[in-house]
Amino acid sequence: MRRDPLRDAIEKLKQDFPGKSRSWIKRAIMRLGDVRELKFGLYLVEGRRELCDWKPLYQVWYSERGGRWYCTCYFSTFGFARQRDVCTHVAAVMLYRRYKKALEKAERKRVYVAEGEVECKGRIEANGELHIKPAVDRVDLTFFANPKYKIFVVSEMRRIVVRCSGYEILELEGEEVPLATAKFLVERFYERG
Ligand SMILES: [Zn+2]
């Protein structure tokens, strides 16, 4: 139901560089944890021997004048040398920025939550992320004769519908909350007895 922010960021990078190989994308992903953001749009990317880096640290920045990203690996010790294609240090920074943005957007997102109790001997489903636990403290043989569950649903839709083996058994009006709050409520749902 919910998109994974990292997956989204990787997809966008692939779309922006359709001609790039899978190994190029993979190297950018490997470098994601090596990116440090400094002030004024400057980024540091740690070098990795296994990715054939010859420096311990690379600087990556965007030049408004040049209208493009630069990396210190484009320069030799004696100055500007190779007008290279986009390196994976730059790609890692692009991925990092997109990931951060996608994360922030995901946190700002609002969803609907609802709680209820159902009786069902079959499969319980809902139009959202469904959390279930037995409605009794102790699960014994009598429980299975008449199984009651407490449910908690996180949905993108206000009208939350719960089904038992395909049949609608409960309809709830969801309460709108930020996604972060919904995550917290899910944790609390499982912690409560
Ligand atoms: Zn580079």
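Please list, ordered by first then second residue, the pairs with beta carbon atoms under 8 Å, 6 or more apart or interchain, first in the range 86-98 and in contact (Cβ under 8 Å) with a residue 40 or more places away in the chain and within 18 Å of Gly66 (Cβ to Cβ), second assigned to a helix (DSSP H, G or I) and of a type in the set (D, E, K, R).
Close Cβ pairs satisfying both conditions: Ala91/Arg27; Met94/Asp16.
Checking the conditions here, which among Asp53, Asp85 is touching a strand residue (DSSP E or B) at 6+ places or on another chain (Cβ under 9 Å), surrounded by 11 or more Cβ atoms within 10 Å (Cβ to Cβ) and assigned to a loop (DSSP other than H, G, I, E, B)?
Numbers: Asp85 fails: touching a strand residue (DSSP E or B) at 6+ places or on another chain (Cβ under 9 Å).
Every option except Asp53 fails the conditions.
I want to confirm something. Restricting to the range 78-91 and keeping residues that are of a type in the set (A, V, I, L, M, F, W, C) and at pLDDT below 65, which single residue is farthest from the ligand (Cβ to nearest atom)?
Looking only at the range 78-91, we keep the residues that are of a type in the set (A, V, I, L, M, F, W, C), and these are 78, 80-81, 86-87, 90-91.
Adding the requirement that they be at pLDDT below 65 leaves 78, 80-81.
Values: Phe78: 17, Phe80: 14, Ala81: 13 Å.
That would be Phe78.
Would you please name the residue that is farthest from the chain's Cα centre (by Cα), looking only at residues in the range 62-77 that are part of a strand (DSSP E or B) and within 11 Å of the ligand (Cβ to nearest atom)?
Of the residues in the range 62-77, the ones part of a strand (DSSP E or B) are 62-63, 68-71, 75-76.
If we keep only those that are within 11 Å of the ligand (Cβ to nearest atom) too, we end up with 69-71, 75.
Numbers: Trp69: 25, Tyr70: 28, Cys71: 27, Phe75: 35 Å.
Of everything passing the filter in the range 62-77, Phe75 is farthest from the chain's Cα centre (by Cα).
For the range 14-36, give me each residue that is closer than 13 Å to His89 by Cα and away from the ligand (no atom under 14 Å from the Cβ). Talk me through it step by step, then tell me what you get.
If we filter the range 14-36 for residues that are closer than 13 Å to His89 by Cα, which is where we start, we get 24-36.
Residues satisfying the conditions are Ile25, Lys26, Ile29, Leu32, Gly33, Arg36.
The values are calculated or read from the model by the stated rules, or taken from the named source; none is laboratory data. Here the structure is a predicted model, which is why all the values come from computation and not from measurement. When we count neighbours, we look across all protein chains shown, and the Cβ atoms used for this are built from the backbone with ideal geometry, even at glycine.
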